[in-house]
Amino acid sequence: MPQRIECGSGEFRLQPAASIFVDAASRETGQYLAQRLRQATGYPFNVVVSSATATTTKGSIVLTTEAPETRLPPEGYKLEVNPASVVIRASGQAGLFYGIQTLLQLFPPDVFTAQPRQGREWMVPCMRIDDQPRFRWRGFMLDVSRHFFTKDEVKRLLDLMAMHTSVKQSALSLLASSGGVLSER
């Protein structure tokens, strides 16, 4: 649950001609968002490097690490959704990444599909979210020694882990035996 949520009135409607405006440091993060949205919507999404203070086009999404309103921790972010645009501000790329995860969760669930959903309206309710991790370390356990997972299944679980738990660091440990002791007779 985010630390602060203010609900607004109305909704932001994602249009096929929407652009994603980013500052120079956030180009790769903008490409990530464009790829995720393109996969579900089929929209082309232009990623445009621009100053954070530039006036944005109606229907655009802005990702910026320039001039955040307040000092944000490295993983903190501010997400503002209004009928004209979506703006995510953070002090670094980790904060933008977590802001993007929150934005994706605000779209209809079809945003996580692998194939474009034709004829779908892509709307996000107007709101303002301020968030940062409550705990420095977060974790997720995946037992690959008792249950077999394919490489693609493990990659999918890691993607879901990042989306839902904002895990900062991960480690994968493999053990060859149940007790660490192998005996011969």
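Can you sort R71, R117 from fewest to most other Cβ atoms within 10 Å of each residue's own Cβ? Walk me through the numbers before you get to the answer.
On the way: R71 7, R117 14.
So the residues, fewest neighbours to most, are R71, R117.
Neighbouring Cβ atoms within 10 Å as the yardstick, rank E66, E75, E11 fewest first. Could you put the intermediate results ahead of the total?
On the way: E66 14, E75 21, E11 17.
Placing the least packed residue first, the sequence is E66, E11, E75.
Taking 7 Å along the Cα-to-C-beta vector as the label spot, tell me the T150-K58 distance in nanometres, rounded to one decimal.
Simple spin-label model gives 4.6 nm for this pair.
Every number in this text was worked out from the coordinates using simple rules, so none of it is lab data. For clarity, every value in this text was computed on a predicted model and none was experimentally measured. In this analysis, Cβ positions are derived from the backbone assuming ideal geometry, glycine residues included, and neighbour counts consider all displayed protein chains.
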